[in-house]
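One structure is given here, and the rest of the page talks about it.
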Amino acid sequence: MFNSAENLRVKEFFDLDGPWLDAVSGDPELPSADRLADLAGAFTAQFGLCELYDRTNDRLVRAGDRKRAEAHADYSMRHQERGLDYLGRAMGVADGMAGEVSALDRRPSARAGAEALAGFREEFMLLIADSELKAKDVTRIEEVYDEAAKAIAEGQNIGEWLGGKLKDLDEARRSEDRGNRDNLPWWKIVIIAVYVGLSAWKIWRCVIRDRCSRGEKAAYQAAAVILGISLKFC
């Protein structure tokens with residue numbers, strides 16, 4: 001099974017997720033952010049595998065191969081349950097992150113923070129737009145970024161904001177269609193919001209920590225992993 005089309009897609013996703021994780025991690029005041037970023041990759045891979053195996057199951061049913069179809073249906077549900085388990089852990093970690101964010105006593109100046117987020121947005125969206133995504137989907141990702149950046153700039157607790165998105169994802173994945181709505185499904189949009197939120201927060205924090213040379217790498221890595229989520233799990 002390791003060399004199956006499904007698992008090769010996941011390997012390609014992790015090849016993108018690893019560098020993103022390196023780019024956004026390492027804030028000593030927010031260890032929960034690192035754990036949450038790690039769990040994001042875990043539940044994304046599991047939900048992606050669930051959907052890939054489910055599509056293979058549909059093709060096998062149409063071809064009349066009931067035995068293999070049943071096996072793939074079982075694989076699909078196994079990955080769905082694993083994804084929900086990782087997601088449950090992530091929701092707990094987000095609660096811890098909210099507490100860590102509340103304890104922070106430094107914020108960048110409004111101007112410096114806004115400039116950093118705007119610069120990140122420009123670079124990030126240029127990379128997203130220069131892709132195979134439909135224009136409608138590029139717009140949806142842009143809206144997700146703007147929502148996350150606004151929450152951060154207005155002083156909302158990013159741990160609480162991310163926790164809300166994780167709850168939305170849990171609700172979507174437990175629904176009858178598992179969040180599979182529209183060309184860029186709702187479950188992917190919510191996961192993208194988590195990745196974008198963590199990436200934008202990295203940029204916000206880099207202004208305080210004087211680590212923007214490293215933080216700026218997050219734009220490229222975030223775009224790459226989000227495109228991986230959008231295009232590889234379809």
When only the heavy atoms of the protein chains count and the probe is 1.4 Å, how do Leu84, Leu126 rank by accessible area, highest first? Leu126, Leu84
Whole-percent carbon and sulfur share, accessible surface of the chain, 1.4 Å: 48
Highest mean first, what order results for 26-39, 181-194 on Cβ atoms within 10 Å? 181-194, 26-39
Considering the dipole of the chain built from charges on the beta carbon (Lys and Arg +1, Asp and Glu -1) around the Cα centre, which of Ala116, Ser131, Val10 is farthest to its positive end? Val10
Row for region 119-194, column shape: gyration tensor on C-alpha, a ≥ b ≥ c, rounded if a/c < 1.5 i.e. under 1.5, prolate if a/b over b/c, else oblate; value oblate
If a paramagnetic tag sat 7 Å from the Cα of Arg174 along the Cα-Cβ line, which residues of region 32-56 would have the backbone N under 18 Å from that point? 43-44, 47
If I take every Cα pair under 8 Å that is 6 or more residues apart in the chain, average their sequence separation and divide by the length, what percent do I get for the relative contact order? 29
Rank these by accessible area, largest first, 1.4 Å probe: Arg62, Arg55, Arg78. Arg62, Arg78, Arg55
Residue span Asp130 to Glu115: 0.36 nm per residue of separation minus Cα-Cα distance leaves a gain in nm of 3.1 nm
Report the semi-axes of the equivalent ellipsoid for the chain in whole Å, largest first, where each axis is √(5λ) for an eigenvalue λ of the Cα gyration tensor. 33, 18, 15
Region 35-86: percent of C-alpha pairs farther apart than 13 Å? 55
Extension gain (nm, one decimal) between Glu12 and Ala71, 0.36 nm per residue minus Cα-Cα: 18.9 nm
In debye to the nearest 20, the charge dipole size for region 26-143, taken about the Cα centre with +1 at each Lys and Arg Cβ and -1 at each Asp and Glu Cβ, equals 520
Based on Cβ point charges of +1 for Lys and Arg and -1 for Asp and Glu, what charge dipole magnitude is obtained for region 51-96 about its Cα centre, in debye rounded to the nearest 20? 280
Averaged per residue, what accessible area in Å² does region 93-234 show with a 1.4 Å probe, protein chains only? 46
Under 20 Å by backbone N from the virtual spin label 7 Å along Cα-to-Cβ at Ser102, the residues of region 16-43 are 29-36
Show Met91, Met125 ordered by accessible area, largest first, where the area counts protein heavy atoms only and the probe is 1.4 Å. Met91, Met125
Would you work out which of Gly179, Gly164, Trp20 lies farthest towards the positive end of the dipole of the chain, given +1 charges on the beta-carbon of Lys and Arg and -1 on that of Asp and Glu, about the Cα centre? Gly179
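The values are calculated or read from the model by the stated rules, or taken from the named source; none is laboratory data. Treat the numbers as computed from the prediction; the structure is a model and nothing was measured. Cβ: placed from backbone, ideal geometry, glycine included. Neighbour counts: every protein chain shown. Areas reflect the complete protein model, heavy atoms only, side chains present, ligands, DNA and RNA absent. Shrake-Rupley method; radii C 1.70, N 1.55, O 1.52, S 1.80 Å.
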